[in-house]
Structure formats: structure tokens, C-alpha cells
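See structure below.
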Amino acid sequence: MAGRASVWNDAAVQALAQRFVPATDESWRLQTSADPEARFFRVMVEGTPEPVGGSRQGTYVCTPDGRLLARGNSTDPRRIEAVLRQGLAAWEALPPAERTQAAPESARAAHRWEDSFPVDGLALTAIHRDLARAEDGTLQPQAGRWNLDHVWFSRDEARQWLPSEPVVGARTALPEALVRRWASFHLVDNVRGQEGPFAPEDIEQAEIATVVTRSEGTRVELAIEGRTRAESDGTWKLGRNHWDKFPNRARGVSAQLTGRAVFDWATHRFVEFRMVALGEAWGGSGLNGRRADVATRHPLAWRFTLVGDTPADRIAPAFVDIYGAAWVRRPDANLSAGE
């Protein structure tokens, strides 16, 4: 994420990007899913609708009807600038009639995880950062080491953060299933790259509670506190799913959580939510840049805040497919192999 961000923070790349309609998606889904949208992508970039292995991460320039104009995969802003210029030149060389042709209806997505976005629930943006320990023992953000994810709770699940009677001092322990969602899927070491989830058997401690600190009118203010610890011995315990081929090695994460939130009874929604988790991680799959170092403890931080209100903010959590929540709509059986 850090390297990708540096590309798109480049002034020349940003200026060129204004001449395009940007779009982004999860590359593994596009490479492997049987969804018509994913098959359309593979025909465009590979010439075949069949699933492809390896990685197809990168930047693609294409026409609306799926003609590939340029592609590249780099964290070097100059290389991506060249890709954009190549694509723009190819676009300008097209006859006007070929620029307005749309993708066929048969390429429309049959399933997207974003369709389950909890409009009336609690949706959070999660930023994960590496921390560096200074000589005086204080922790500071480590430049260029961060990643992004999202956290979802349905309306009913969001309500479980509050007591039945919101009087000052009332304490509510988050149900075990919801705390485990944090520990299994969101307090993972994804800072430098994708890491696998923790299984329920890996969770050694998972406690999150809220305390009402203020109640005025329709709004209730909550203090959030909690602790989690998860450690895997490297054995895959989550059954057969999208992640079962992921490198699985000994690893662990421990974290302490603190935060503040405001819930509005008039709208039955959180209007403020800020939570920070400070902790450390050890081990790793290798895909997250840790190279299975189980001896060294790496200080980390996670920040959780409310997502925005636009459709572009409805980005699914990395592990939404194994949330195990009934309200998350799954793909049909004929599409599930790659989802």
C-alpha cells in the first residue's frame, strides 16, 4: 500500500489521472472468480476467460468496452506516468465512435461483496501502521509503512455496543462473536502486505467493552477499552475457503484498544467512532514482509474511524467472505470457487 500510495501522490501522475475515470478492484477476485465481471477482465488482459494464477496487480488503461490500451505494474511513479501517457495516446488515436461503446450487459457483475454494505450498521476504515521505537522508548509512526482495510457490523450488531439503558456508568461487554471478528480478521499484521486471518482456536484473549460516559438528548457517548491476543502455530484451522492456500506459519498479535464513540438514538447510528489499538506482532507468512520472524516483536498501531457516506466508501473488508455472518450475501455456488 505504501508504495502504491507514493505513485498516486506524485504530482505528474495526479495531473494525468484527471484525464481518466479511475476504478479499482481486488486482483485475486478478478483473476479467479467465475463472476461475469471477472471473466470480462481476464479476456481483456489475458485473452482468455479462464482463471489465471500468479499476480495481475497493476495499472490498466482500457476503453469502456474492454479494449486494453496500456498496462504496467510498478511502484515507480515515472513508470506509471509512462503507462498513463501510453494509454492516453492510444485513446486519442481511437475513432470517436469507438470511445463510447459500453461493456456488454453480459459482463455485469453477478455478485460483489460491497452489495452487503451495512448502510444502517457500523462501517469503519482501518489504517494499520508500523511503529518505530525511539531511543527514549517512545513509539513513532514509521514512514512509508501502512495499509488499509475496513470493518463491518450490521445494524443489530452495532446496537450490541450499547447497554439496554444508556445511563452514565453502564458497562457493556461486546459479545464474543463480535470481539472475535476484531481479533481474527482485523487485528492482523497487514502493514506490509496481506497476512492470513486467525482461527477461533488461535484466540487466547478477546475482550472489548464500552462504558457510557455521557447521555444527553438522543446521543450517548461511549468509552471503549479492550485487549486481544492471538497466536497461530502455523496450522490452518479455518477449513476450505478462499484463504486455505495462503502461506500459514507461526505468528501472533497482541493489542490493547482504547477509543470513544457517540451513538444517536434518533437515527440509530454511530455519528462518531474513533478507536486505536496499540500492540505488537511476531512471525508472519512472508507475504507480509516479516519472513516468519517469531523472535522479534514489531510494534504496530491500528486506527479505526467511520467511513464516508459515498458509494466509493463502500469497500468490503479483506476477510468478509469468512465473517460467517448471515447478513453478508454470498455468491451463488457456481461463482463461489473464486470468491
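All of the numbers you see were taken from the coordinates with simple rules; none came from a lab. Note that the structure is a prediction, hence the values are computed from the model and not measured. So basically every Cβ, Gly included, is an ideal-geometry build from the backbone, and we count neighbours across all protein chains shown.
Taking neighbour Cβ counts within 10 Å as the exposure measure, how do Glu272, Glu135 sort from fewest upward? Before the final figure, lay out the partial values.
Details: Glu272 15, Glu135 5.
Lowest count first: Glu135, Glu272.
Mind giving me the FRET efficiency for Ser6 and Asp309? R0 is 25 Å, r the Cβ-Cβ distance, nearest 0.05 is fine.
Numbers: r = 28 Å, r/R0 = 1.12.
After rounding, the FRET efficiency stands at 0.35.
Please report Asp293, Asp130, Asp25 as a ranked list, fewest other C-beta atoms within 10 angstrom at the top and most at the bottom.
On the way: Asp293 15, Asp130 21, Asp25 12.
Least crowded to most crowded, the residues run Asp25, Asp293, Asp130.
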**OP:** Sticking with the crude label model, points 7 Å out along Cα→Cβ, report the distance from Ala17 to Trp236 in nm, one decimal please.
**Re:** 3.5
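How high is the FRET efficiency from Val168 to Ala134, r the C-beta distance, R0 56 Å, rounded to 0.05? Don't skip to the end; give the middle numbers.
Working: r = 38 Å, r/R0 = 0.69.
Rounded to the nearest 0.05, the efficiency is 0.90.
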Original post:
Label-point separation (nm) for Ala90 and Gln194, each offset 7 Å from Cα along Cα-to-Cβ?
Top reply: 2.5
**OP:** Sort Val188, Val52 so that the residue with the fewest other Cβ atoms within 10 Å of its own Cβ comes first and the one with the most comes last.
**Re:** Val52, Val188
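With runs of 4+ DSSP H residues as the only contributors, calculate the mean residue ellipticity of the chain at 222 nm using -39,500 (n - 2.57) per run, divided by the residue total and rounded to the nearest 500.
Numbers: 8 runs with 63 residues, N = 339.
The per-residue figure over the chain is -5000 deg cm²/dmol.
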Subject >> Beta bridges by DSSP in the chain, antiparallel share as percent, to the nearest 5 >> reply: 100
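At 0.36 nm per residue, minus the direct Cα-Cα distance, what do Glu272 and Asp76 gain on full extension? Give it in nm, one decimal, please.
Working: separation 196, 0.36 × 196 = 70.56 nm, distance 3.72 nm.
Between Glu272 and Asp76, full extension yields 66.8 nm more.
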Original post:
Using the alpha-carbon atoms, what tilt in degrees (0 to 90, nearest 10) does helix 36-46 show relative to the longest principal axis of the chain?
Top reply: 50
Subject >> Choice from Pro175, Pro96, Pro64 showing the highest fluctuation, given a GNM over the chain with Cα pairs closer than 10 Å >> reply: Pro96
Subject >> Entry for Rg/Rh (Cα atoms, Kirkwood Rh) (calculated from the structure that is shown) out of [x] 0.95; [y] 1.02; [z] 0.99 >> reply: [z]
**OP:** Would you kindly state how much longer the chain becomes between Ala325 and Glu114 on full extension, computed as 0.36 nm times their sequence separation minus their alpha carbon distance, in nm to one decimal?
**Re:** 74.5 nm
Subject >> Folded to 0 to 90 degrees: helix 77-93 orientation relative to the chain principal axis, Cα >> reply: 50
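DSSP loop chymotrypsin sites (Phe, Trp or Tyr not before Pro) in region 200-274 with at most 13 other Cβ atoms within 10 Å of their Cβ, which ones?
On the way: sites: Trp236, Trp243, Phe263, Trp265, Phe270, Phe273; in loops: Trp236, Trp243, Trp265.
Filter output for region 200-274: Trp265.
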**OP:** Given the options Thr75, Thr267, Thr258, state which has the largest fluctuation in a GNM of the chain using a 10 Å cut-off (strictly under) for Cα springs.
**Re:** Thr267
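Quick one: compute a quarter of the convex hull surface over the Cα atoms of region 2-107 and quote it in nm². It would help to have the intermediate numbers written out before the result.
Working: hull surface 27.5 nm².
That works out to 6.9 nm², a quarter of the Cα hull's surface.
Set the Förster radius R0 to 51 Å, insert the Cβ-Cβ distance between Glu105 and Arg260 as r into 1/(1 + (r/R0)^6), and round the FRET efficiency to 0.05.
E between Glu105 and Arg260, to the nearest 0.05, is 0.60.
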Subject >> For region 173-246 and region 1-76, distance of Cα centres in Å >> reply: 31
Original post:
Points 7 angstrom from Cα along the Cβ direction at Asp332 and Arg214: gap in nanometres?
Top reply: 5.2
Subject >> Total formal charge among the other residues, if their Cβ is under 11 angstrom from that of Phe319, Lys/Arg +1 and Asp/Glu -1 >> reply: -2
